[in-house]
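Bear in mind these aren't lab numbers, they're just calculated from the coordinates by the rules spelled out. Treat the numbers as computed from the prediction; the structure is a model and nothing was measured. Don't worry about glycine lacking a Cβ; one is built from the backbone with ideal geometry, like all the others, and counts go over all protein chains shown.
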């Protein structure tokens, strides 16, 4: 997933992207936060995915989002 694809997907699902401040060794981390809505009165889920890059964090969030969305079943 290219950076522009990652940002586009987050926009499509109304997700957010954050960057942590540098740690003691100077490393930064990226955090993708996405909500999966519930259906039929069920509570939604919140996905928080971490990565060393925007692509890693977003790809992880998307994989989890796809699994949860598919588990909800078809929309009627």
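Observations on the model:
- Taking 7 Å steps out from each Cα toward its Cβ at residue 25 and residue 43 produces label points 3.6 nm apart.
- Summed over qualifying helices (DSSP H, 4 residues or more, each -39500 (n - 2.57)) and divided by its residue number, the chain shows a 222 nm mean residue ellipticity of -12000 deg cm²/dmol.
- Each Cα pair under 8 Å and six or more residues apart adds its separation to the average, and for region 3-71 the resulting relative contact order is 26 percent.
- Protection proxy ranking, peptides 8-20, 49-61, 26-38, average beta carbon neighbours within 10 Å, highest first: 49-61, 26-38, 8-20
- Over region 3-71, the hull volume per residue, using the convex hull of the C-alpha atoms, is 82 Å³.
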